[in-house]
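Asks: Before anything else, here's the structure in question.
The values are calculated or read from the model by the stated rules, or taken from the named source; none is laboratory data. Here the structure is a predicted model, which is why all the values come from computation and not from measurement. Reconstructed Cβ throughout: ideal geometry from the backbone, glycine too, with neighbour counts over all protein chains shown. SASA here: full protein model, heavy atoms, side chains in, ligands and nucleic acids out. Shrake-Rupley method; radii C 1.70, N 1.55, O 1.52, S 1.80 Å.
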Amino acid sequence: MTEIIVNENEEKKSLSFVEQMVEGDLAKGKNGGRIQTRFPPEPNGYIHIGHAKAICMDFGVADNYNGVCNLRFDDTNPSKENTEYVDSILNDIKWLGFKWGNVYYASDYFKQLWDFAIWLIKQGYAYIDEQSSEEIAAQKGTPTVPGTASPYRDRPVEESLELFNKMNTPEAVEGSMVLRAKLDMANPNMHFRDPVIYRIIHTPHHRTGTQWHAYPMYDFAHGQSDYFEGVTHSICTLEFVPHRPLYDKFIDLLKEYEGKTEDIADNRPRQIEFNRLNLTYTVMSKRKLHTLVDEKLVNGWDDPRMPTVCGMRRRGYSAQSIRNFINSIGYTKFDALNDYALLEAAVRDDLNKKSCRVSAVLNPVKLIITNYPEGKTEELEAINNPENEADGTHTITFSRELWIEREDFMEDAPKKFFRLSPGKEVRLKNAYIIMCTGCKKNENGEIEEIYAEYDENSKSGMEGANRKVKGTLHWLSANHCLPAEVRLYDRLFNVENPSADERDFRELLNPESLTVLNNCYVEKFLTEKKPGDFLQFQRIGYFTPDMDSTPEKLVFNRTVGLKDTWAKMNK
């Protein structure tokens with residue numbers, strides 16, 4: 001059963017179990033005291049926050065122990081990979097704040113892997129199988145029942161060599177044959193039962209074009225690539241635990257192929273596994289994310305509802321908040337389902353320190369200060385960020401006619417309603433105390449205008465103006481603000497763990513995950529802001545300009561509310 005983590009109050013150990021293992025290897029002098037890690041994404045999609053956890057570990061270990069972390073693209077399946085994904089991965093890693101030592105590709109080693117595969121065939125460690133993938137799967141057996149040997153398992157070496165070379169020609173038919181390692185069909189580890197190590201793919205490769213038609217499988221390319229590059233610690237997620245013996249086996253055979261006699265255990269890259277990052281109300285399956293994009297159920301890989309790094313960046317998450325969240329949940333040996341609220345709490349905590357405070361009205365209603373002189377305006381000072389005095393101030397215009405939030409007025413208010421209602425006082429932030437004197441309704445009974453009088457001696461900062469009132473409202477001068485579109489984002493799915501739900505995941509999408517508000521107003525000051533700038537719409541939440549925003553049409557994305565309202569709504 002998957003554990004759902006809803007809080008993290010336990011004291012953190014100073015070192016993760018991965019770091020403890022790394023320090024143990026350093027103490028033993030393994031690998032000459034070197035630390036070299038790698039982050040090996042397949043360029044078949046955009047990376048998500050789950051990959052970000054691996055990035056933090058791979059690069060973090062290298063940084064903490066004066067090592068190097070390289071980036072290696074696992075580009076062994078050209079039918080699903082392209083340069084768009086390569087470029088996006090490079091950009092996302094940079095944005096997260098990490099620097100790699102070198103950039104490698106599994107395709108850099110295609111010739112070395114091919115030569116190694118030929119040696120395996122010559123040594124009787126591999127053979128060509130002409131069965132279908134279905135037939136091969138049917139012969140695998142179960143963990144408690146041995147597999148059945150392929151009828152091609154003992155075919156002559158020369159025949160396998162000839163067919164292997166044929167696999168790498170344009171004439172070879174995809175699926176007609178594969179190269180399998182000859183290991184142990186009775187091994188309880190299913191990965192040892194003569195795994196497929198090469199298959200035929202005719203899709204041109206994004207780097208090598210049509211040079212190759214036979215491509216290595218992940219299990220065959222990954223460990224060898226680690227070895228070629230001098231990786232000391234191959235850190236990956238828990239699903240690779242059963243792959244580890246095969247990882248080690250292929251490296252042992254590679255060393256035999258190279259004729260090296262030194263202690264294999266001392267210099268073999270060490271594979272260490274940790275738990276994946278899973279979040280409530282979302283999916284991390286790249287296949288499902290592809291479906292969401294391809295079927296236009298979201299607006300691309302960078303849709304702010306997506307768990308992709310580029311989606312979170314567009315939504316307004318900071319790189320530091322993502323790193324802080326990953327650090328807070330830690331690394332363990334068991335799978336967990338982390339509450340999305342933990343991520344949002346980390347975002348709020350970081351953005352509170354960084355965000356410029358501004359006024360925006362999302363559901364406006366007109367407020368007229370009837371005793372304020374017509375035509376008069378005042379430029380009032382607003383603090384950009386009370387958490388950081390160095391961020392300075394900006395000015396906001398006050399006038400007779402203002403916009404306020406419709407929810408901030410109630411004609412017949414209950415006793416504990418501390419906002420605006422007839423006969424009650426509130427303070428307008430950075431401005432004056434006002435008393436509501438009434439309102440005007442249209443023929444449908446809807447409030448059209450609210451009326452109030454101001455106390456000219458109550459201006460914020462004025463000596464003696466600090467008499468207490470229970471409510472403070474934000475506002476905008478109706479003639480000194482700009483219209484804006486505001487996009488409110490929420491959970492992408494309606495169920496807590498859509499990956500565990502047996503229904504089609506498309507049926508679980510939250511139809512209210514995006515609400516677009518077109519009748520909003522913001523300060524003119526916001527024309528200066530760009531995508532990636534952090535804003536707090538006072539009393540509403542954290543926002544950022546969207547990439548669609550222009551000076552002619554301002555568009556803002558809600559990053560996260562000031563408080564977690566989801567949990568309350570779903571109790």
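Asks: Greater than 24 Å separation of Cα atoms is the criterion. Which listed pairs, 529/553; 353/529; 28/260; 424/563; 53/94; 416/468, meet it?
Replies: 424/563
Asks: So, with a 1.4 angstrom probe, what is the percent of accessible area on the stretch 427-571 that is carbon and sulfur?
Replies: Answer for the stretch 427-571 is 44 percent, counting heavy atoms of protein chains only.
Asks: For 559, 83, give me the order by solvent-accessible area with a 1.4 Å probe, most accessible first, ignoring ligands, DNA and RNA.
Replies: 83, 559
Asks: Quick one: go through the stretch 437-466 and flag any residue whose amide nitrogen is under 19 Å from the point 7 Å out along the Cα-to-Cβ line of residue 368.
Replies: 437-455
Asks: May I ask what percent, to the nearest 5, of DSSP beta bridges between residues of the chain are antiparallel?
Replies: Expressed as a percentage, antiparallel bridges in the chain total about 65.
Asks: Considering only protein heavy atoms, with the full assembly of protein chains and a 1.4 angstrom probe, order 411, 456 by accessible area, largest first.
Replies: Result of the area sort, largest leading: 456, 411.
Asks: If we count every other residue with Cβ under 13 angstrom of residue 373's Cβ, Lys/Arg +1 and Asp/Glu -1, where does the sum land?
Replies: That works out to -3.
Asks: Suppose accessible area is computed on protein heavy atoms with a 1.4 Å probe; arrange 61, 241 from highest to lowest.
Replies: Descending order: 241, 61.
Asks: Could you give the nm distance between label points at residue 218 and residue 203, where each point is 7 Å from its Cα heading toward the beta carbon?
Replies: 1.5 nm
Asks: Follow-up. Cut-off 15 Å, label point 7 angstrom out along Cα-to-Cβ of residue 479: give me the residues of the stretch 347-382 whose amide nitrogen falls inside.
Replies: Counting only backbone N, you get 367-379.
Asks: To the nearest 10 Å², what's residue 196's accessible area with a 1.4 Å probe?
Replies: Here the residue's solvent-accessible area equals roughly 40 Å².
Asks: Turning to a different aspect of this structure: Given R₀ = 60 Å, FRET efficiency for residue 173-residue 411 by Cβ-Cβ distance, to 0.05?
Replies: Taking R0 as 60 Å, the efficiency between residue 173 and residue 411 is 0.20.
Asks: Roughly speaking, what is the centre-to-centre gap between the stretch 200-236 and the stretch 361-425 when only Cα atoms are used, to the nearest Å?
Replies: 61 Å
Asks: Just to confirm, what accessible area per residue do you get for the stretch 52-121 at 1.4 Å probe, in whole Å²?
Replies: Dividing the accessible area of the stretch 52-121 by its residue count gives 36 Å².
Asks: If you place +1 on the Cβ of every Lys and Arg and -1 on the Cβ of every Asp and Glu, how big does the dipole about the Cα centre of the stretch 296-437 come out, in debye to the nearest 20?
Replies: Charge dipole of the stretch 296-437: 320 debye, to the nearest 20.
Asks: Additional query: Set the Förster distance to 51 Å, then compute FRET efficiency between residue 165 and residue 64 from the Cβ-Cβ distance, nearest 0.05.
Replies: FRET efficiency, residue 165 to residue 64: 0.65.
Asks: So with the 1.4 Å probe, I'd like the accessible area per residue for the stretch 490-569, rounded to whole Å².
Replies: For the stretch 490-569, the per-residue accessible area is 53 Å².
Asks: OK, next. Working out 0.36 nm times the residue gap between residue 456 and residue 328, then minus their Cα-Cα distance, what length gain in nm do you get to one decimal?
Replies: 41.1 nm
Asks: Placing +1 on the Cβ of each Lys and Arg and -1 on the Cβ of each Asp and Glu in the stretch 31-149, which of 133, 79, 61 has its Cα farthest towards the positive end of the resulting dipole?
Replies: In the stretch 31-149, that residue is 61.
Asks: Distance between Cα centroids, the stretch 501-527 to the stretch 53-113: provide it in whole Å.
Replies: Answer, in whole Å: 33.
Asks: Would you calculate the separation in nanometres between label points at residue 211 and residue 379, each defined as 7 Å from the Cα along the Cα-to-beta-carbon direction?
Replies: Distance between the two pseudo-spin positions: 6.4 nm.
Asks: Might you tell me the accessible area per residue for the stretch 233-334, computed with a 1.4 Å probe and given in Å²?
Replies: Accessible area per residue, the stretch 233-334: 38 Å².
Asks: Which value, in Å² rounded to 10, gives the accessible area of residue 378 with a 1.4 Å probe and all protein chains present?
Replies: 20 Å²
Asks: So, taking all protein chains as they sit and a 1.4 Å probe, how much accessible area belongs to residue 439, in Å² rounded to tens?
Replies: Per-residue accessible area (residue 439): approximately 40 Å².
Asks: So between residue 149 and residue 418, what do we pick up on full extension, going 0.36 nm a residue minus the alpha carbon distance?
Replies: Once the chain is fully extended between residue 149 and residue 418, it gains 89.0 nm.
Asks: Across 20 Å bins from the origin, how do the percents of Cα pairs in the chain run, short distances first?
Replies: Each 20 Å bin holds this share of Cα pairs: 17, 41, 26, 13, 3, 0.
Asks: Using helices alone, I'd like the mean residue ellipticity at 222 nm for the chain: each DSSP H run of four-plus residues gives -39500 (n - 2.57), total over residue count, nearest 500.
Replies: Per the formula, -8000 deg cm²/dmol.
Asks: Go ahead and run the numbers for FRET between residue 132 and residue 90, Cβ-Cβ distance against an R0 of 56 Å, rounding to 0.05.
Replies: After rounding, the FRET efficiency stands at 0.90.
Asks: For residue 336 paired with residue 530, estimate the spin-label separation in nm (one decimal), with each label point 7 Å from Cα along the Cα-to-Cβ line.
Replies: Each label point lies 7 Å from its Cα, and together they span 3.8 nm.
Asks: Separate question: Provide, for q = 0.13, 0.15 Å⁻¹, the log10 of I(q)/I(0) from a solvent-free Debye sum over equal Cα point scatterers in the stretch 479-571.
Replies: Calculated log10 I(q)/I(0) at the listed q: -0.54, -0.67.
Asks: Treating cross-link reach as a plain straight distance, find the aspartates and glutamates whose alpha-carbon is under 12 Å from the alpha-carbon of residue 182, omitting any fewer than eight places away in the same chain.
Replies: Partners found: 129, 154, 194.
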